[in-house]
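Following: one structure in C-alpha cells, then a few remarks.
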Amino acid sequence: MVRMALPKANQDGYTYQDYLTWNEGRYELIDGVVFDMTPAPSRRHQEVLAEILVQLVPQMRSKGCRVYAAPFDVRLPCDGETSENTKNVVQPDITVVCDKSKLDDAGCKGAPDLIVEVTSPGTVKRDMKNKLLLYQKAGVREYWIVYPRDKIIMVYTLEGDKYGPPETYVPGEEIPVELWEKLM
C-alpha cells in the first residue's frame, strides 16, 4: 500500500478541514495531533466488536437511538471550535447517538451518548488516556473501554462534567447502561 504524506500542520495542529483532504488510510485527530489507524483490527477485535453490537443494537434502537460501527467520524468541538474547524475527529469502534440533530452525512457532530472502544496493543494508552480525557471534556455520557485479552470492560459514566470511578465487568456479568434510565 502506498502511504500518503500528510500536509504540514499549522502551529496549532491539524483541523477537520485538513482531515477531509486525506484520502489514503484512516486517521483520528486528538487535540490537532494525527493518529494513524490504517492497520486492520485483529480477528479477535472484530469478534468482540460484533458481539457487543449484536447485544447493543436492538436495545438502543428500541429507545430511538442510532448505533454506528467504525469507520464513522465523530467530530468533537471543544473550547469554542465549530464542527468544521475542530481539532478532534475520532472513529470509535461503536458510537451511539440518541439526539438525531447531531447526525449529518459526514457522521456525528458533538458528543454521542455512548462510545465503546475495543483496545488493541497499539491503542491501549490512547484509549485509556487521550480519548478518556477528550470524551469527558466533550460530554460523552458513557464510555466503555473493552480489554479483549483480559476479558474485562471498564465503564465510565459522566457525573456532572467528570467521569466517576469506572465500574469493571467480567464475563457473565450484565452491564447496566446508565443511558437506558435517562431514555425511559
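Points worth noting:
- Degrees, to the nearest 10: 43-62 long Cα axis against longest axis of the chain: 70 degrees
- About the centre of its Cα atoms, the stretch 45-110 shows a dipole size close to 280 debye [charges on the beta carbon of Lys, Arg (+1) and Asp, Glu (-1) only; nearest 20 debye].
- Residue-wise HN-Hα coupling along the stretch 122-128, computed from phi with Karplus coefficients 6.51, -1.76, 1.60 (Hz; x: Gly, Pro): x, 10, 3, 4, 5, 5, 7
- Taking label points 7 Å from Cα along the Cα-to-Cβ direction, ASP161 and ARG61 give a separation of 3.8 nm.
- Once mean projected area of the Cα convex hull in nm² is calculated for the structure shown, the corresponding label among (i) 12.2; (ii) 13.7; (iii) 11.0 turns out to be (iii).
- Under 5 Å from the amide H of ARG66 lie the amide H atoms of VAL97, CYS98, each residue being 5 or more positions distant or on a separate chain, with H modelled from the backbone and absent for Pro and chain starts.
- Per residue, the convex hull spanned by the alpha carbons of the stretch 48-121 comes to 95 Å³.
- Distance between the modelled labels on SER42 and VAL170, one decimal in nanometres: 2.1 nm (7 Å Cα→Cβ projection).
- Hypothetical label at LYS100: residues of the stretch 52-82 whose amide nitrogen lies under 12 Å (7 Å Cα-Cβ projection): 64-66
- For the pair the stretch 127-174 and the stretch 37-114, the centres of their Cα atoms are 15 angstrom apart.
- Backbone HN-Hα couplings from phi across the stretch 65-78 [Karplus 6.51/-1.76/1.60, Hz, Gly and Pro as x]: 8, 10, 10, 10, 9, 4, x, 8, 6, 10, 9, 10, x, 10
- Each Lys and Arg contributes +1 and each Asp and Glu -1, all at the Cβ; summed about the Cα centre of the chain, the dipole is approximately 300 debye.
- Amide H contacts for MET37 (H built 1.01 Å from N in the peptide plane; partners 5 or more residues away or on another chain; cut-off under 5 Å): ARG26, TYR27, GLU28.
- Taking a Cβ cut-off of under 14 Å around GLY172, the surrounding Lys, Arg, Asp and Glu residues balance to a net charge of -2, with basic ones at +1 and acidic ones at -1.
- Dipole of the chain, positive direction: furthest Cα of TYR27, PRO176, VAL97, with charges on the beta-carbon: TYR27
- Positive minus negative residues near ASN85 (Lys, Arg vs Asp, Glu; Cβ under 14 Å): -3
- Ranking of ARG75, ARG126, ARG149 by neighbouring Cβ atoms within 10 Å, starting from the fewest: ARG149, ARG126, ARG75.
- DSSP beta bridges fully contained in the stretch 3-123 are about 90 percent antiparallel.
- Of the residues ASN130, VAL116, LEU76, the one whose Cα sits farthest towards the positive end of the charge dipole of the stretch 29-131 is VAL116 (charges of +1 on Lys and Arg Cβ, -1 on Asp and Glu Cβ, taken about the Cα centre).
- Entries of LYS100/LYS137; LYS87/LYS162; LYS87/LYS137; LYS100/LYS125; LYS87/LYS151 with Cα pairs more than 24 Å apart: LYS100/LYS125; LYS87/LYS151
- Computed [θ] at 222 nm, deg cm²/dmol, the chain (DSSP H ≥ 4; -39,500 (n - 2.57); rounded to nearest 500): -6000 deg cm²/dmol
Bear in mind that the values in this text are calculations on the coordinates, not laboratory data. This is a predicted model, so every value here is computed, not measured. All Cβ positions, glycine included, derive from the backbone under ideal geometry; neighbour counts span all protein chains shown.
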